[in-house]
C-alpha cells in the first residue's frame, strides 16, 4: 500500500465532496431506504443516508466512483452518523457494525479499482466518524446547565463499535470530522488509540473541526488555536476544518490553524452558505477560484468539499490543486 505520508510531501491531496448532496439527487422513497431487509422495520427510516450502504449499495458505489473519476485521492465512507447514538433516532442501533463494515467495503472496492486504473495516483479510503447529535461539554437544557445528554464513556463505547467495523472493512484512514465539541472528539481519539493499541496496528488519523459562527470558535467555545492544542496529544496525519462556512469565510481560520500545527492540514468547506431553502448557490467555478487562495498561500495539504459540493466541484478543485506545491511541515 502506498504511504500517504510520503505522497503528502510531494503534492496536495484531494478529498471527495458531499455524500448527502449526491444522495438527494436520487430522491429515494421510504421503501427505497428500507429495501427488502428492513421492509418491516417499525420506525420511519427515510433520511437515514448511512443505511443506504445496506439497501442501495450500487448507488453508494456509483457516488464514490464519480468522485474518484473526478480526481479525488481520498473518498469518505458513508458512515457520518453510524454510531449507536446516531442510529438510535431510527431504532437501528443493532446494525451499526453492518453499516460501517459494508460502507468501508464498498468504498475500498471503488478505491482499489481506481488505484489500478491510475497506479501513479493511489486512492485512499477515510472512515468517516461524525460528531454524533449530542454534546458532552454542554447541557441541552437551559434550565439545568449541569445536565449532559451523553457521557464521555457513552461516546467511547459508541465510537469503538464504529471504529472496529471501519477497520475490519478495510479503511486506510480514520477521519474524525465536523467536530463541534472537542470533548466528543477526545472520546473518539481515546477509542481509536485503545483499539489500535489492542490490535497492534497503525492507522493514520485525520481530525477536522467546524467553526460555527463569525466569532471563529467551535460550538463548545474554542478558538482555532485552542482546538489544535486540545487534540494534538496523539500523532495525527492531519488537522483541519470543514463544514459550516464557505471557502471564503473558512480561509482565515485555516491560515491561523496552519501556523500553529506541525501536522498536515486539511480543509473541506461548503459550497458557500445555504440560501433560504437550504440549497447552495455557489458554482463549481466560483468555489475553485476561492480554493486557489488556499493553495497560493500554502495553507493546506488536503483539500475537498463539504455540503453542496459534487463531482463537478471536485474535478475543478483537483485540477487547480495539481498546479501547486503542498504546504511544508517541519
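Bear in mind that the values in this text are calculations on the coordinates, not laboratory data. Only a predicted model underlies this, so the values are computations on that prediction, with no experimental measurement involved. Using ideal geometry, Cβ is built from the backbone for each residue, glycine included, and neighbour counts are taken over all protein chains shown.
Points to keep in mind about this one:
- For the chain, diffusion coefficient by Stokes-Einstein and Kirkwood Rh (Cα), 25 °C, 0.890 mPa s, µm²/s: 124
- Net lengthening on full extension, residue 144/residue 260 (0.36 nm per residue, minus Cα-Cα): 38.1 nm
- Within the listed set 143, 100, 48, the Gaussian network model of the chain (springs between alpha-carbon atoms below 10 Å) gives the highest mean-square fluctuation for 143.
- Put in line by how crowded their Cβ is, counting other Cβ atoms within 10 Å and starting with the fewest, 285, 109 read 285, 109.
- Burial ranking of peptide ranges 316-326, 27-37 (average Cβ count within 10 Å, highest at the top): 316-326, 27-37
- The value of relative contact order for the chain, using C-alpha pairs under 8 Å at least six residues apart, is 20 percent.
- Neighbour counts of C-beta atoms inside 10 Å place 310, 118, 132 in the sequence 118, 310, 132, starting with the fewest.
- Within the chain, helix-based [θ] at 222 nm, where runs of 4 or more DSSP H residues each add -39,500 (n - 2.57), nearest 500: -13000 deg cm²/dmol
- When the chain is treated as a Gaussian network with alpha carbon springs shorter than 10 Å, the biggest mean-square fluctuation among 16, 213, 248 belongs to 213.
- Spin-label model, residue 277/residue 62: points 7 Å from Cα along the beta carbon direction are separated by 2.3 nm.
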